[in-house]
Every structure is written in C-alpha cells, then in structure tokens.
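Quick notes on the structure that follows.
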Amino acid sequence: VEDELEQRDSIIKELQLDELTGLAMRRRYEGTALRVIEARSKRADELKKFQETQNDVEVTMPQVSMLMIDADHFKRINDVYGHAGGDFVLRELGKLINNSFRKEDLKARYGGEELVVIMPDCDLKTARIKAETFRKAVENHDFTFHPHGGEPIKIEPVRVSIGVGNVSFATDSGEPKEFKALLEKRADALVYAAKDMGRNTVVSQDAVD
C-alpha cells in the first residue's frame, strides 16, 4: 500500500496536479495559461498580416474566456462538517469540473476554494452557457459524505458563484502577460459581482459591458 501511495504522489507531483481536486496546481496554471495566450497572440499577429495583404477578407480573431468559480459559504461548510467535509466538497467539485469541460480547457485550483477554467478559442456566449450548465450541475449534485467509520452525511447546500471573463485579440491589445492579467482581473471582478447578487449565480462580462 505504501508503495502505491508513493507512486501516486510521484505521478501527481510530476503532472503538477492538486492532490485534493485533481485539477492543475496554481504553479502549473500560471505557466500553461500564459502559453495558451501567447499562442493566440501569435496567431492574431499572423492573421492581421494576412488581412493586410488581402482586400475584403474577413478573419476571425482568437479569443480566450475564463471562468472564476468560488464555492459559496465554504467557511460554513468547514465549520459545520469539519475540514474533512470541506475537502470532500472540493474533491467533488474537481471531479465535476473535469467532467464538464473540454480536454483542451485548462482546469485549475486557483487558491483555497477558488477554481478556474481557461477556455481557449471560446466566445463569451458559449463560456456563459457552459458556466450556467456547470452551476446547475453543482446545484443538483449529491454531496453525500462518507466519513471514515461514520454514518453517511449529506452536505447541503453546496453552491457556486461564477464570473465569466473574456479577452479578444480583435478588440483588446497588449502583450501576452497583459492579456493574462486582464482576463484574470475581469473574471475575478465578475465572481465578486455574482456573490454580491446573492451567490449561486453566473455573472458574465457581456452582462456588464
């Protein structure tokens, strides 16, 4: 058993996955998110040069969307069900995220109970729809916790607030690091707006633009 645990820990460390949620660690997120944006920035430059040489040719510029997901009243969950219960909720949220989004999407634990999904080549409308679908999946999920040696406990309610931000290389400008910072700033502000609106809701950039 010890050998299996050591092998599992080694794989997790190598892949830079958060052991609890199964999502990318913050460190892996930072590097991968920047590479995703750098690739779209390079493609945007190529498309702009192509467009300059062709008259009346329309091109679709790359864009990247981001979901900032925050577990509502997470401190209360820890207080009522203990940290084992809180860990269980994060573990289940990680599974739901991995099952709800595309393989090419970057899914990560941003910090604490804050989780993120970077969606390359995804417009704002599609990202908003995916965010709402995920919010409903969490709302309808059975968070029944089986503590070691104890009776099953249903943790409720478990809800999430989601902010949906977007950057488009057609309308925004800057270096890749600036694009990344702008995307994070937008998504972060929007998840706070979702909490201010009563939680368990999705607020997207097109709702406030």
Is there any pair linking a residue in segment 183-206 that is basic (Lys, Arg) and at pLDDT 95 or above to one that is part of a helix (DSSP H, G or I) and surrounded by 16 or more Cβ atoms within 10 Å (Cβ to Cβ), with Cβ under 6 Å and at least six apart or on different chains, and which?
186/205
Give me the residue from segment 134-157 that is in contact with a helix residue (DSSP H, G or I) (Cβ under 6 Å, 6 or more places away or on another chain) and over 20 Å from residue 78 (Cβ atoms) and, out of that set, least open to solvent (accessible area, probe 1.4 Å).
134
Would you be able to say whether some residue in segment 35-50 is within 22 Å of the chain's Cα centre (by Cα), under 30 Å from residue 141 (Cα atoms) and either buried (at least 20 other Cβ atoms within 10 Å of the Cβ) or in contact (Cβ under 8 Å) with a residue 24 or more places away in the chain (or both)?
no
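Does residue 65 fit the bill of being in contact with a helix residue (DSSP H, G or I) (Cβ under 9 Å, 6 or more places away or on another chain), buried (at least 20 other Cβ atoms within 10 Å of the Cβ) and polar (S, T, N, Q)?
Values: in contact with a helix residue (DSSP H, G or I) (Cβ under 9 Å, 6 or more places away or on another chain): yes; buried (at least 20 other Cβ atoms within 10 Å of the Cβ): yes; polar (S, T, N, Q): yes.
Judged against the criteria, residue 65 is a match.
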Among the residues of segment 170-209, how many are surrounded by 17 or more Cβ atoms within 10 Å (Cβ to Cβ) and among the aliphatic types (A, V, I, L, M)?
8
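Mind listing just one residue for me: the one in segment 124-146 that is in contact (Cβ under 8 Å) with a residue 60 or more places away in the chain and touching a strand residue (DSSP E or B) at 6+ places or on another chain (Cβ under 6 Å) and, of those, farthest from residue 63 (Cα to Cα)? Give the derivation first.
Step one: of segment 124-146, the residues in contact (Cβ under 8 Å) with a residue 60 or more places away in the chain are 124-128, 130-132, 134-135, 139, 145.
Next cut, touching a strand residue (DSSP E or B) at 6+ places or on another chain (Cβ under 6 Å) only: 124, 127-128, 131-132, 135, 145.
On the way: 124: 9, 127: 11, 128: 14, 131: 17, 132: 20, 135: 23, 145: 39 Å.
Ranking the qualifying residues of segment 124-146, first place goes to 145.
If you check residue 94 against the conditions, is it out of contact with any helix residue (DSSP H, G or I) (no Cβ under 7 Å at 6 or more places or on another chain), open to solvent by less than 20 Å² (accessible area, probe 1.4 Å), at pLDDT 95 or above and in a helix (DSSP H, G or I)?
On the way: out of contact with any helix residue (DSSP H, G or I) (no Cβ under 7 Å at 6 or more places or on another chain): yes; open to solvent by less than 20 Å² (accessible area, probe 1.4 Å): yes; at pLDDT 95 or above: yes; in a helix (DSSP H, G or I): yes.
Yes; evaluated as a whole, the condition is true for this residue.
The values are calculated or read from the model by the stated rules, or taken from the named source; none is laboratory data. Since we're looking at a predicted model, the values are computed, not measured. We place every Cβ from the backbone using ideal geometry, glycine too, and count neighbours over all the protein chains shown. Remember, those area values only see protein heavy atoms, side chains included, never the ligands or the DNA or RNA. Shrake-Rupley method; radii C 1.70, N 1.55, O 1.52, S 1.80 Å.
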